[in-house]
Each structure stands twice: as structure tokens, then as C-alpha cells.
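I have placed the structure first, in the form of C-alpha cells, so that the comments after it can refer back to it.
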Amino acid sequence: MWMDLHTHTTCSDGQYTPEELVIRAGKLGIRALAITDHDAVSGTERGRIAAKVFPELEVFSGIEMSAKENPQLHILGYGIDGNHPDLQVYIEKNKRLRLGRRERMLAFLQEKGVPLTLEEVMAANDGRSSGRPHFAKAMLKKGIVSSVEEAFDRYLATPEYLQRVERPKPTAVESIQIIRKAGGVAVLAHPAKLKLEPSAFLELLSVLCEAGLQGIEAYYSTHSRKEMAWYCEIAKQYGLFCTCGSDFHGEIIKPEIALGTGKNGSLLLPEELKRELLQNFKHALSNRSNRV
């Protein structure tokens, strides 16, 4: 039984449409899939419709929200009501901010000598509001860089870029509050990517728990076995449940991350453990009165 509770589609910065993602998941034998696009929930219903041809595949609603304290501080929200007013205000605000960032990003890259046009970037995301992966894909297509990773390293994740271009973001506490108001369950994504010392991480975790955090993505594509075990132990201490997610975006965007199995099979967990993770995940959702 495979599961993947952290995936992205073209509704944010993924390579595949929600329908394509679900078909791939179904063919792989995945039984539990969460679509967690950045600041978007429009892929969930499309994914659920596509999943009707796979009776054993369950598609969960989700979202991933970035916090301003750390570029890698992301909060995953599950079981959310996509139509909740507070959530919709947040989503619409971010659409406007992303459009403004798109212009700033283009100007920043052109200043750096990157000959890129807005039309080329939009083509990388079917004309939708475009994020950094779509700029990276456009640069890759033009031969400006040899990989999406190089585009981020050289241009799109530098301190200068983050200071001059990146859009305003809510705090992690605000993100959790939005998710909880929308009837969702809040989970800390890929904690090892925060690169915090244990004491600093535990200090942050205490703040997030007080705000309503309920889970940790202990099983993540790039987590080592030692890190997975440590986060599971911390989760027990703080009364949190653990989730398992690959952060799949597609082979072009994150070629090292495979749907369901992570990086080099890092998420090929024992069957009993996967069943326990899914059971705890569903239990957390079942305790939310406004779940979807």
C-alpha cells in the first residue's frame, strides 16, 4: 500500500495537471494521495473526479503555505474547506501578489542578463500565474541553464532574489490559523530543510504547537532514516502525528523525486508503518468538524 500526502500540480508549480497526477498515482498503486498545491485548492476536486476510475485510490484535499520566517518553513493543511471565506481571501491575495512578483522576477532576471520573456514563462505553465519553477523551466528550455536546480542556485534562490523579489508571506502562526479556521489539520512540512539546530527547532515547534499545529512530515523524500526516527520521537513528545510525503512536482522540476517513493526509494516504508501513518492521518481528519 503506497501513500503520498505531499504532491503538486499545474494549479501551482507542478508539472502535471491534477488529472494526470491522479492517473499516474492510480497506475502506481497509490492508495492515499493528497494534492497540496502552493496557495491553491482548485486541483482537489479535479483530482477526485479523475480518481473515480481507481476505486482504491483516495484523494485528500490539501494546501501548502509558505511562512516568512524561513524560506523553507512551510505548513501543510489537510481536510480544508476550499470555499471557506478566510481561506479564499488568502488565496485571492496571493494570486495578486504572485502576479506582481512575476513582473519583478522578470525584471530581476533581465537585469542579470537572462533573455526571457513573459510569454515564454507563461508557456511553461499553460498561461496560468507563474512561479519560480516555471521561470526555471523556461530558462531550461532556452538553454540558459542545464537544469531547474541550476536556475534556482544561480538566480531564483539567492539572498539577493529573496530580498528584492519574493512576495510578502504570512507568519507560520498565521498560516496555521488560516488552515484551522478552514476546518483543516495543520502539519509542518519537511522539517529538516529548515536546517535548525535541535534546540532552535524545538523552540519553533513549541510556538507552532501552541498555534494549533497537529502533525509533522517526518517521512519526507530527502530525510535520512536517522532524521525520520528523530522527528517521530519528537512528534510523540509533543502529541503530534506523523505524515509521509514525497513533495512530487514532476520529473522536469524535481527529477530526483519519484511519486510515492521519494528520492532513491526513501519512502519505501514497511507496510505496517504505512498503515499506521494513514490510520493516524485519517483519525486526525475525522476529529475536525469542518473537514471536507
Notebook entry, point to check: So which DSSP H runs in the chain come out at 30 Å plus along the axis (Cα) with average Kyte-Doolittle of at least 1.6?
Noted result: none
Notebook entry, point to check: Can you list residues whose amide H is under 5 Å from Leu5's amide H, if they're 5+ apart or on another chain and H is modeled 1.01 Å from N?
Noted result: Ala34, Cys244, Gly245, Ser246
Notebook entry, point to check: By a straight-distance test (C-alpha under 16 Å), which aspartates and glutamates pair with Lys274 as possible cross-link partners, with residues fewer than eight away in the same chain excluded?
Noted result: Asp4, Glu56, Glu58, Glu217
Note to self: Relative contact order of the chain, please, whole-number percent, based on alpha carbon pairs below 8 angstrom and at least 6 residues apart.
What the structure shows: 21
Next item on the list: Evaluate the distance, in nm, between pseudo-label points positioned 7 Å from the Cα of Ser206 and of Asn287 along their respective Cα→Cβ axes.
Entry: 2.2
Check: Near the amide H of Thr171, under 5 Å away, which other amide H atoms are found, from residues 5 or more places off or on another chain, if H is placed in the peptide plane?
Finding: Lys68
Margin query: Can you tell me, using C-alpha contacts under 8 Å and at least 6 residues apart, the relative contact order of region 64-118 as a whole percent?
Written below: 16
Next item on the list: Any chance you could count the Lys pairs in region 51-205 whose alpha carbons are under 24 Å apart, treating pairs 8 or more apart or on different chains as valid?
Entry: 19
Check: Which stretch or stretches of region 137-175 have amide N atoms under 14 Å from the point lying 7 Å from Lys93's Cα along the Cα→Cβ direction?
Finding: 167-175
Notebook entry, point to check: Round to a whole number: what % of the accessible area of region 1-155 belongs to carbon and sulfur, probe 1.4 Å?
Noted result: 53
Item checked: Accessible area, probe 1.4 Å, largest first, for residues Glu64, Glu150 -> Glu150, Glu64
Checklist line | Accessible surface, the chain, averaged per residue in Å² (probe 1.4 Å) | finding: 44
Note to self: Given R₀ = 45 Å, what would the calculated FRET efficiency be for Glu103 paired with Glu276, taking r from the Cβ atoms and rounding to 0.05?
What the structure shows: 0.45
Notebook entry, point to check: Given H placed on each backbone N at 1.01 Å, which residues far from Gln15 in sequence or on other chains put an amide H within less than 5 Å of it?
Noted result: Gly250
Margin query: To the nearest 20 Debye, how big is the dipole of the chain about its Cα centre, given +1 on the beta carbon of each Lys and Arg and -1 on that of each Asp and Glu?
Written below: 360
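The values are calculated or read from the model by the stated rules, or taken from the named source; none is laboratory data. Worth saying up front: this structure is predicted, and the values here are computed from it rather than measured. With ideal geometry, Cβ positions are generated from the backbone for all residues, glycine too; neighbour counts draw on all protein chains shown. SASA here: full protein model, heavy atoms, side chains in, ligands and nucleic acids out. Shrake-Rupley method; radii C 1.70, N 1.55, O 1.52, S 1.80 Å.
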